[in-house]
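Chemist: The structure under discussion is supplied below as structure tokens; questions concerning it will follow.
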Amino acid sequence: MRIVVDLNRCQGYAQCVPLAPDVLEMLGEEALAYDPNPDDAQRQRVLRAAAACPVQAIVVETYTPDGPEPVA
């Protein structure tokens, strides 16, 4: 699984952070830090966090034998 956050689109609402705190973290009031390759055990949390983003700045990809596939 790979996460890509469009930091130009992210508005710092931080609604994603409490849903996946081991993967996403606010630095200050507006800067989002994240683990781009979280463990698969975080999958459900990451998908919920991506769905909670009001500006859809988080894209989650899974890897298949044919390459990455967007999930959310």
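The values are calculated or read from the model by the stated rules, or taken from the named source; none is laboratory data. Note that the coordinates shown come from a computational prediction; the quantities given were computed from them, not determined experimentally. Note: ideal-geometry Cβ built from the backbone for every residue, glycine included; neighbour counts use all protein chains shown. All accessible areas refer to the heavy atoms of the entire protein, side chains included, with ligands and DNA or RNA removed. Shrake-Rupley method; radii C 1.70, N 1.55, O 1.52, S 1.80 Å.
Chemist: Work out the charge dipole of segment 8-65 with +1 on the Cβ of Lys and Arg and -1 on the Cβ of Asp and Glu about the Cα centre, then indicate which of Pro54, Gly12, Tyr34 is farthest towards its positive end.
Modeler: Pro54
Chemist: Charges at C-beta only: +1 for Lys and Arg, -1 for Asp and Glu. How large is the resulting dipole of the chain about its Cα centre, in Debye rounded to 20?
Modeler: 200
Chemist: Computed over the Cα atoms of the chain, what is the convex hull's projected area averaged over all directions, in nm²?
Modeler: The directionally averaged projection comes out at 4.4 nm².
Chemist: Roughly to the nearest percent, how much of the accessible area of the chain is carbon and sulfur, given a 1.4 Å probe?
Modeler: 47
Chemist: What percent do you get for the relative contact order of the chain when only Cα pairs under 8 Å and 6+ apart count?
Modeler: Over the chain, the number comes to 39 percent.
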